[in-house]
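Asks: Dumping the structure here so I can ask a few things about it.
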Amino acid sequence: MEYSSKNLKLVDTFDSLIQARIKMQGDCAHHLEIVCNHNNVDWINHSMSTSIDLTWQALRDVPGPMVLIIGGIDQAEDHEKLSNLIQEKVVLLICLGSTTWKYFKTFSEQSIMIVTAKEMKEAVYYAALIASNKAQTVLFAPSCPSYDAFDNYKNRGNAFRNEVLELFKK
């Protein structure tokens, strides 16, 4: 049986995500859910990440380099906890929600690009622009609730998934 490097990469990615799911004890909907692979970039929905700790675990377990889409309504958690992993794995940080300034304040010293998106469609568009050349993963792991824009993490995750699939017409 022949295996292409793309297939082997996908197997490695799937294996990493399965192991991460086992560690975090969850199913796949909104929990390290692979929405699609487009141009060798995995688009991962981790909308259930409503805390810094859950985002930290996803950053630890998902392969980089990556684009990270983060944000919502901050719960006054310590974002510094993410600093090392963001510096190590993230090439672009896309901030959503009403407290985006906190991400700029916390991560502005990092050697990464940081942008604000007003809505999910814009965040997915920015991610696609950068990921095609500089990342192997786009991770949507908000690190907080998004009650300013969505009723719950499932609706938020559905919005991410729908925008990604619409962009690539999958």
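The values are calculated or read from the model by the stated rules, or taken from the named source; none is laboratory data. Nothing here was measured: the structure is a model prediction, and the numbers come from that model. Quick reminder, even Gly has a Cβ in these numbers, built from the backbone with ideal geometry, and neighbours come from all protein chains shown. Just so you know, the surface numbers come from the protein's heavy atoms only, side chains and all, with ligands and any DNA or RNA stripped out. Shrake-Rupley method; radii C 1.70, N 1.55, O 1.52, S 1.80 Å.
Asks: So who's got an amide H within less than 5 Å of the one on Val90, skipping anything under 5 residues away but keeping other chains? H placed 1.01 Å off N, in plane.
Replies: Sorted by chain and number, the residues that satisfy this are Met66.
Asks: Amide H to amide H, which residues 5 or more places from Val35 or on other chains are under 5 Å from it, using H placed in the peptide plane?
Replies: For Val35, the qualifying residues are Trp43, Ile44, Asn45.
Asks: Another one. Tally Lys/Arg at +1 and Asp/Glu at -1 over every other residue whose Cβ is under 9 Å from the Cβ of Val124; what's the total?
Replies: -2
Asks: A further question follows. Over 24 Å between Cα atoms, which of Lys81/Lys105; Lys118/Lys169; Lys121/Lys169; Lys105/Lys169 qualify?
Replies: In this structure, Lys105/Lys169 exceed 24 Å between Cα atoms.
Asks: Summing Lys, Arg as +1 and Asp, Glu as -1, what charge do residues with Cβ under 12 Å from the Cβ of Thr106 carry, Thr106 excluded?
Replies: Result for the local shell: -2.
Asks: Rank Lys154, Lys169, Lys102 by accessible area, highest first, at a 1.4 Å probe radius?
Replies: My answer, sorted largest first, is Lys169, Lys154, Lys102.
Asks: With a 1.4 Å probe and all protein chains in place, put Arg161, Arg60, Arg156 in order of accessible area, largest first.
Replies: Accessible-area ranking of Arg161, Arg60, Arg156, largest first: Arg60, Arg161, Arg156.
Asks: Next question. Quick query: amide H of Gly72 versus all other amide H atoms, modeled in the peptide plane; which residues come in under 5 Å with a sequence gap of 5 or more or a different chain?
Replies: Leu96, Ser98, Thr99
Asks: Could you give each residue of region 76-93 its phi-based ³J(HN,Hα) in whole Hz, using Karplus coefficients 6.51, -1.76, 1.60 with θ = phi - 60°, and x for Gly or Pro?
Replies: 6, 7, 7, 5, 4, 4, 8, 3, 5, 5, 5, 4, 6, 10, 9, 9, 9, 10
Asks: Let me ask another. Let me check I've understood the local charge: for Leu82, count other residues with C-beta under 11 angstrom from its C-beta, Lys and Arg +1, Asp and Glu -1. What total comes out?
Replies: -2
Asks: Roughly to the nearest percent, how much of the accessible area of region 104-170 is carbon and sulfur, given a 1.4 Å probe?
Replies: 49 percent
Asks: How would Met113, Met48, Met120 rank on accessible area, largest to smallest, probe 1.4 Å?
Replies: From most exposed to least exposed: Met113, Met48, Met120.
Asks: Using a 7 Å offset from Cα along Cα-Cβ at Glu77, what residues in region 97-125 end up with backbone N under 19 Å from the label point?
Replies: Within reach of a label on Glu77, which here means backbone N under 19 Å from a point 7 Å along Cα→Cβ, region 97-125 contributes 97-108.
Asks: Per residue, what accessible area does region 127-170 have, given a 1.4 Å probe and all protein chains present, in Å²?
Replies: Accessible area per residue: 50 Å².
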